[in-house]
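Trainee: Got a structure for you, questions after.
The values are calculated or read from the model by the stated rules, or taken from the named source; none is laboratory data. If you're wondering where the values come from, they're calculated on a predicted model, not measured in any experiment. Here the Cβ positions follow ideal geometry from the backbone for every residue, glycine too, while neighbour counts run over all protein chains shown. Side chains included, ligands, DNA and RNA excluded: accessible areas come from the protein's heavy atoms. Shrake-Rupley method; radii C 1.70, N 1.55, O 1.52, S 1.80 Å.
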Amino acid sequence: MTSYIGTATSRIDGRDKVTGTARYAAEFGAPDLAYASLVTSPIARGRLKRLDVTAALKVQGVITVLSHQNRPSMADNDKAYKDQVAPRNGSPFRPLYDDGIKFSGQPVAVVLAEDLETASYAASLVHVAYDEEPHVTDITRQRYNGMALKAPAKPRGDATKAFSESDARHEADYFVPIEHHNPMELYASTAIWNDGRITVYDKTQGVQNVHGYLCGVFECDPGDIRVMSPYVGGAFGSGLRPPFQVALAVLAARAISRSVRLVLTRQQMYAIGYRPAMIQRIQLGAKADGSLNAISHDAVTSTSEYEDFHRNETTWSSLLYRSETAKYDHKLVRLDLPTGCDMRAPSAATGVYALEAAMDELAEALKMDPIELRLKCYSDRDQSNGLPFSSKNLRECYRQGAETFGWSRRNPAPRSMREGHEFIGWGMATGVWEALQMPIAVRIALTSNGHAEVSCATADIGTGTYTIMAQVAADMLGLPLEAISIKLGDSTLPQAPVEGGSWMAASVSNGIVTTSQAIRDDLLKLAQRLPGSPLKGRSGDEVVLANGAIALKTDGRDATAIADVMRSAGIDRIEREERTTFAKDDAHAHNTHSAIFAEVRVDEDIGVIRVTRVVSAVAAGRILNLKTARSQIMGGVVWGMGMALHEETLIDHRFGRMMNANIAEYHVPVNADVHDVDVIFVDEQDEFVNPMGIKGLGEIGIVGVPAAIANAVYHATGVRVRDLPITLDKLTRKA
Amino acid sequence: MADSNTPVAKASPRSSPMQQISVALTVNGVRRELEIAPWTTLLDALRERLGLTGTKKGCDHGQCGACTVLLDGRPINSCLALAVMQDGSDVTTVEGLARDGTLHPVQQAFIDHDAFQCGYCTPGQICSAVGLISDGRARTRAEIREAMSGNICRCGAYPNIIAAIEEAMKAT
Ligand code: FES
Ligand code: FES
């Protein structure tokens, strides 16, 4: 029975969010709460020489100042600091561990005081002297000094030779700067002290990841720490790994045996993680008819001096289009910055930007329509391994997207369309992401009053997890949505992976199905004991829970109310916890796809760029909630606009310091930047990816958008800008 | 390495006590009296002293709008206002918009139009929208977008925020 899945259901946590009752990490307290404030390093590399806390300690209300010199003990091995999603190679950063300075913005002391203002004032009185060492923070200067990484796919044929023999060729560098997630909620942890045990309210995408990390770092029993995160004010990947403030809040609570709250400033958050800058070189060669005969994609990305963080930027060009030959290369550069981290569609937002901007340039060289070129190279198989896709309705994305956008009315010549003092440009691009799922456990407690509580240690970071969980549970248990309550964001709940990679909707939904089936089977056994039960001899697959009753699937007749079944069995509660794993489907490639169409208007005189229309047509399997799904894609489109036109973290390389570490000078799109965004979900049934055919939406929304906008800017102005963001000064600069 | 012989330093209150000032505010219709340091912002007074955490801190620098409240009916960034300077004012926060359990039309429209995702910018957006509607100057979609551009939504709910405000405008 399906009555909620697939509908445009409003968020079940909506009322809490619009009334201000939803509480985030910094909004839990305790009577003995102390406030923490950080002192951070202004140098990028070296050692802390001297720490003078005299003046800070003189301020009334200051409790203590913690540093590496007087902190409580912490683990002394890398393994303890490696969280679930830490890079395989390297030594994770250990906050307040010793006198070494690895990046500008590194915390070196924690001031604890009776109130917030006193803590931050006293932090300004801590004097620190450093021994500075030379640092390197500029990726462009290190471009040729990177370490080689394993390519995501084997090369095919001789791409160098094929490229040189191609009828049409395009070759260029594409640059993406450092970008920061900047979720609206400040990174915060409140550690509530309770006789040696600590409950931490934390801003995280994975309570159990943080829990495991804290137990390792502080060498304590799992029962001594509990991590809670009922609401998360955005994260976008920055909350996958435990940020330093959670370790410091717990460290401080242990030092003073009191509850402690530590909220980072917006500026301090810039040291948590970011999308690393990258330089990509693409070569595309094609025959005169548009069929590709050479793809070559080289990427240079950066990491810290202490950990090897990277994703595969080139993997996307290895799978998307048919090409006779292909080769890939990825080099990793070490810089004196904190380790980067995953940020919405890591590697795809960037790698596909370069590929799809290059495809537009190739289409122009071929004098071909950009969609036609993509259809010419369309592949029903993952080109990197030859596997057919479990489903791929990208063709329909192109068709429906183009029709909604009105693409057929496009005059292909640059600078050919205008209205008033503005040039109009139309561009398009393809998007691709992977469809994943992870093992997960879900507990359901059904009570005879017709209520079910569904719990799992997952997170809702704004994605709508609460709501889709309730929808799936309501449908599977045959109950109204209002009869379902959801518990998540608590490390003591059944096991869940971190919420990321767009895998949570598929994982938790299938997990709910598994546990609901166990509940159904329990109910069936009880029902069969009733005298004259029509369900006698039937198996679980033959019955369904619907309208508060258990009935035969075939005709829905002979229904017995669940309440009656439970009452006659003399029980008022059935509780089941089941773990769901997913069979490996080695016969297919699993991906989501999209086609994005963008309209920009560029002022003829001053070059101001406005994105006036975006159509995003998405093929992502089964859509659970049309309302929240649309919002996910819309949010991704807004992120793509930011990436194309606004976002860039600037470093002053003389100091190795981020210069615009705030939300006024790091530009993100605001309301006036966003006009019409049209989201289309193309029908896509997938019987292989997982039993429910869900593919996930968190990442696909951004992928391709920066290229579609960049291509539209070219179409409007005739100027190719290949280093993001496309700011108006770049439209008039001399090459 | 940590030196375990170094004791955890304890502060001795040697400097002069921070002067506290009495302030009376009407918050969501209730008179609240506070003894407060002159450097405490209205935002921190609401969140840390009055337990009204519906008003959010996103930057503390007047850059994001998450801390927007209505001061005598007008939207302001409460992170840029010192609590002691608001003595005698009337403050409405997101907690004070619903009446007897019935949501304010803007709140309801935000739910109906899915005008948020993570919800962190939402109280600020809603207070700005309520101020905008009662001010009555922004009428067209472009004007609303412009007027709402002091409230950043990193989740990118902007088109839905506009749809919600347009609907609430019709209803009021
Ligand atoms: S917290 Fe006040 S404007 Fe950001
Ligand atoms: S809803 Fe998340 S920032 Fe607006």
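Trainee: Of A:Arg722, A:Arg241, which has the most accessible area with a 1.4 Å probe, and how do the rest follow in descending order? Don't skip to the end; give the middle numbers.
Mentor: Details: A:Arg722 80, A:Arg241 55 Å².
Highest to lowest solvent-accessible surface, that is A:Arg722, A:Arg241.
Trainee: Just counting partner chain Cβ atoms within 10 Å, what average do the residues of peptide B:45-56 show around their Cβ? Present the calculation step by step, with values, prior to reporting the outcome.
Mentor: Values: counts 0, 0, 4, 9, 2, 0, 2, 2, 9, 8, 1, 8.
Average neighbour count from other chains, rounded to a whole number: 4.
Trainee: By average Cβ neighbour count within 10 Å, what is the ranking of A:21-31, A:229-239 from highest down? Display every interim value, and only then the final one.
Mentor: Details: A:21-31: 19.3, A:229-239: 26.6.
Ranking the peptides A:21-31, A:229-239 by packing returns A:229-239, A:21-31.
Trainee: Residues of the range A:181-219 losing 40 Å² or more of accessible area relative to the isolated chain, 1.4 Å probe, heavy atoms only?
Mentor: Residues losing area: A:Met184, A:Leu186.
Trainee: What percent do you get for the relative contact order of the range B:105-171 when only Cα pairs under 8 Å and 6+ apart count? Could the numbers behind the result be given before it?
Mentor: On the way: 60 pairs, mean separation 36.8, N = 67.
This gives 55 percent for the range B:105-171.
Trainee: So, one more: What number, in percent, do you get for the relative contact order of the range A:132-261 if the mean sequence gap of Cα pairs under 8 Å and at least 6 apart is divided by its residue count?
Mentor: Values: 137 pairs, mean separation 34.6, N = 130.
Relative contact order, the range A:132-261: 27 percent.
Trainee: Let me ask another. Order of A:562-573, A:54-65 by packing, highest average Cβ count within 10 Å first?
Mentor: Details: A:562-573: 16.0, A:54-65: 20.7.
The peptides rank, most packed first, as A:54-65, A:562-573.
Trainee: Here is a further query. What list of ³J(HN,Hα) couplings, whole Hz, do you get for the range A:43-56 from phi and the Karplus terms 6.51, -1.76, 1.60, once you set θ to phi - 60° and write x for glycine and proline?
Mentor: 9, 8, 7, x, 9, 7, 8, 9, 10, 10, 10, 3, 5, 5
Trainee: Largest first and in whole Å, what are the equivalent-ellipsoid semi-axes of chain B based on the Cα gyration tensor, each being the root of 5 times an eigenvalue? Spell out each step's value before the answer.
Mentor: On the way: eigenvalues 250, 83, 37 Å².
Three semi-axes, in Å: 35, 20, 14.
Trainee: Okay, moving on. If A:Thr199, A:Thr339 are ordered by their accessible area, calculated over protein heavy atoms with a 1.4 Å probe, which sequence runs from highest to lowest? Let's see the in-between values first.
Mentor: On the way: A:Thr199 40, A:Thr339 10 Å².
Largest accessible area first, the residues go A:Thr199, A:Thr339.
Trainee: Would you work out the charge dipole size for the range B:9-96 about its Cα centre, treating the Cβ of every Lys and Arg as +1 and the Cβ of every Asp and Glu as -1, and quote it to the nearest 20 debye? Can you show the working numbers first?
Mentor: On the way: 9 positive and 9 negative charges, 61 e Å.
Computed charge dipole of the range B:9-96: roughly 300 debye.
Trainee: On the full set of protein chains, 1.4 Å probe, figure out the accessible area of A:Glu575 and give it in Å² to the nearest 10.
Mentor: Spelled out: A:Glu575, probe radius 1.4 Å, area about 90 Å².
Trainee: Additional query: Quote the charge dipole size of the range A:441-580 about the Cα centre in Debye, to the nearest 20; the model charges only the Cβ of Lys and Arg (+1) and of Asp and Glu (-1).
Mentor: Numbers: 13 positive and 17 negative charges, 83 e Å.
Here the size comes out at about 400 debye.
Trainee: Between the range B:114-166 and the range A:420-441, what is the C-alpha centre distance in whole Å?
Mentor: So the separation of the two Cα centres works out to 25 Å.
Trainee: If you don't mind, there's one more thing I want to ask. Could you give the alpha-carbon Rg of the range B:9-96 over 2.2 N^0.38 Å, rounded to two decimals? Kindly include the intermediate steps, with their values, before the conclusion.
Mentor: Values: Rg = 13.9 Å, N = 88, 2.2 N^0.38 = 12.1 Å.
Output field value: 1.15.
Trainee: With θ taken as phi - 60° and the coefficients 6.51, -1.76 and 1.60, list the Karplus ³J(HN,Hα) couplings across the range A:192-208 in order, rounded to whole Hz; mark glycine and proline as x.
Mentor: Result, rounded to whole Hz: 8, 8, 9, 6, x, 9, 10, 9, 9, 8, 9, 8, 8, 9, x, 4, 6.
Trainee: Heavy atoms of the protein only, probe of 1.4 Å, neighbouring chains included. What is the accessible area of A:Asp16 in Å², nearest 10?
Mentor: 60
Trainee: May I pose another question? Length gain on complete extension for the stretch A:Arg557 to A:Tyr378, per 0.36 nm per residue less the alpha carbon to alpha carbon distance?
Mentor: Details: separation 179, 0.36 × 179 = 64.44 nm, distance 4.87 nm.
Working it through step by step, the gained length comes to 59.6 nm.
Trainee: Once both labels are modelled 7 Å past Cα along the beta-carbon direction, what's the A:Glu132-A:Asp98 spacing in nm?
Mentor: 2.3
Trainee: Ok, one more. Evaluate E = 1/(1 + (r/R0)^6) for A:Glu114 and B:Ala98, where r is the Cβ-Cβ distance and R0 equals 45 Å; express this FRET efficiency to the nearest 0.05.
Mentor: On the way: r = 34 Å, r/R0 = 0.75.
Plugging the Cβ-Cβ distance into 1/(1 + (r/R0)^6) gives 0.85.
Trainee: Work out the length of the dipole vector of the protein assembly as shown about its Cα centre, built from +1 on the beta-carbon of each Lys and Arg and -1 on the beta-carbon of each Asp and Glu, and round it to the nearest 20 debye. Write out the running numbers ahead of the final one.
Mentor: Values: 94 positive and 107 negative charges, 103 e Å.
So the dipole magnitude of the protein assembly as shown works out to roughly 500 debye.
Trainee: A follow-up question, please. Accessible area of A:Arg720, 1.4 Å probe, to the nearest 10 Å²?
Mentor: Accessible area, nearest 10 Å²: 50 Å².
Trainee: With springs connecting C-alpha atoms under 10 Å apart, model chain B as a Gaussian network and identify which of B:Ala129, B:Ala142, B:Ala24 has the largest mean-square fluctuation.
Mentor: Highest fluctuation among the options: B:Ala142.
Trainee: Now a separate question. Roughly how many Å is it from the Cα centre of the range A:116-168 to that of the range A:349-381, as a whole number?
Mentor: Centre-to-centre (Cα) distance: 28 Å.
Trainee: Mean Kyte-Doolittle of at least -0.5 plus a Cα span of 15 Å or more along the axis: flag which DSSP H helices in chain B meet both, please.
Mentor: On the way: long enough: B:122-135 (19 Å, 0.69); B:158-171 (20 Å, 0.38).
The qualifying helices are B:122-135, B:158-171.
Trainee: HN-Hα J couplings of the range A:390-400 from phi, Karplus 6.51/-1.76/1.60, θ = phi - 60°, integer Hz, Gly and Pro as x?
Mentor: Residue by residue, the range A:390-400 yields 4, 6, 7, 10, 5, 3, 5, 4, 4, 5, 5 Hz.
Trainee: Moving on. For the protein assembly as shown, just run the numbers: alpha carbon Rg, then divide by 2.2 N^0.38 Å, N being how many residues it has.
Mentor: On the way: Rg = 28.1 Å, N = 907, 2.2 N^0.38 = 29.3 Å.
Ratio of Cα Rg to 2.2 N^0.38 Å: 0.96.
Trainee: With both bridge residues required to lie in chain A, what share of the DSSP beta bridges run antiparallel, to the nearest 5%?
Mentor: Numbers: 103 of 133 bridges.
Given both bridge residues lie in chain A, the antiparallel proportion sits at roughly 75 percent.
Trainee: On to the next question. Between A:Glu665 and A:Leu387, what length comes free when the chain is fully extended (0.36 nm per residue of separation minus the Cα-Cα distance, one decimal in nm)? Walk me through the intermediate numbers first.
Mentor: On the way: separation 278, 0.36 × 278 = 100.08 nm, distance 4.55 nm.
Stretched fully, the A:Glu665-A:Leu387 segment lengthens by 95.5 nm.
Trainee: Which order do A:Glu219, B:Glu167, A:Glu307 take by accessible area at a 1.4 Å probe, largest first? Walk me through the numbers on the way to the answer.
Mentor: Details: A:Glu219 120, B:Glu167 75, A:Glu307 5 Å².
The ordering from most to least exposed comes out as A:Glu219, B:Glu167, A:Glu307.
Trainee: A further question on this structure: Could you calculate the FRET efficiency of B:Glu146 with A:Arg567 from 1/(1 + (r/R0)^6), where r is the beta carbon distance between them and R0 is 56 Å, rounded to 0.05?
Mentor: Details: r = 61 Å, r/R0 = 1.08.
Between B:Glu146 and A:Arg567 the formula returns 0.40.
Trainee: How much area per residue is accessible in chain A when the probe is 1.4 Å and only protein heavy atoms are counted (Å²)?
Mentor: Values: 25620 Å² over 735 residues.
Heavy-atom SASA per residue in chain A reads 35 Å².
Trainee: Still on this structure: Which one of B:Gly119, B:Gly136, B:Gly150 has the biggest mean-square fluctuation once chain B is modelled by GNM with Cα springs under 10 Å?
Mentor: Answer for the Gaussian network model of chain B: B:Gly136.
Trainee: Of all the C-alpha pairs in the range A:4-140, what % are more than 20 Å from each other?
Mentor: On the way: 5880 of 9316 pairs.
Of all Cα-Cα pairs in the range A:4-140, 63 percent lie more than 20 Å apart.
Trainee: Also, quick follow-up: Using a simple spin-label model with points 7 Å from Cα along the Cα→Cβ vector, what separation in nm is obtained for A:Arg418 and A:Leu728?
Mentor: Rounded to a tenth, the inter-label distance reads 1.6 nm.
Trainee: Oh, and also: Suppose each label sits 7 Å from its Cα in the direction of the beta carbon; what would the B:Arg74-A:Gln84 distance come out to in nanometres?
Mentor: 4.9
Trainee: Work out the FRET efficiency for B:Ser134 and B:Thr26 from their Cβ-Cβ distance, taking R0 = 25 Å, and round it to the nearest 0.05.
Mentor: Working: r = 18 Å, r/R0 = 0.71.
Using R0 = 25 Å, I get an efficiency of 0.90.
Trainee: Plugging the Kirkwood radius over Cα pairs into Stokes-Einstein for the range A:438-580, at a temperature of 10 °C and a viscosity of 1.306 mPa s, what D comes out in µm²/s?
Mentor: On the way: Rh = 15.3 Å.
So the translational diffusion coefficient is about 104 µm²/s.
Trainee: Okay, moving on. Can you give the average number of partner chain beta-carbon atoms within 10 Å of each beta-carbon in peptide A:639-646, as a whole number? Please list the in-between numbers first.
Mentor: Working: counts 3, 1, 1, 2, 0, 0, 0, 0.
If you average over the peptide's residues, the count of other-chain Cβ atoms is 1.
Trainee: Please give every one of the lysines within straight-line cross-link reach of A:Lys287, meaning a C-alpha to C-alpha distance under 27 Å, and leave out same-chain neighbours fewer than 8 residues apart.
Mentor: Answer for A:Lys287, where 27 Å is the Cα cut-off: A:Lys154, A:Lys161, A:Lys327, A:Lys367, A:Lys376, A:Lys392, listed by chain and number.
Trainee: Averaged over A:665-675, how many beta carbons belonging to a partner chain fall within 10 Å of each residue's beta carbon? Could the numbers behind the result be given before it?
Mentor: Values: counts 1, 1, 0, 5, 6, 11, 19, 9, 3, 9, 6.
Mean partner shielding for this stretch: 6.
Trainee: What is the Cα centroid distance between the range B:56-89 and the range A:525-591, reported in whole angstrom?
Mentor: 54
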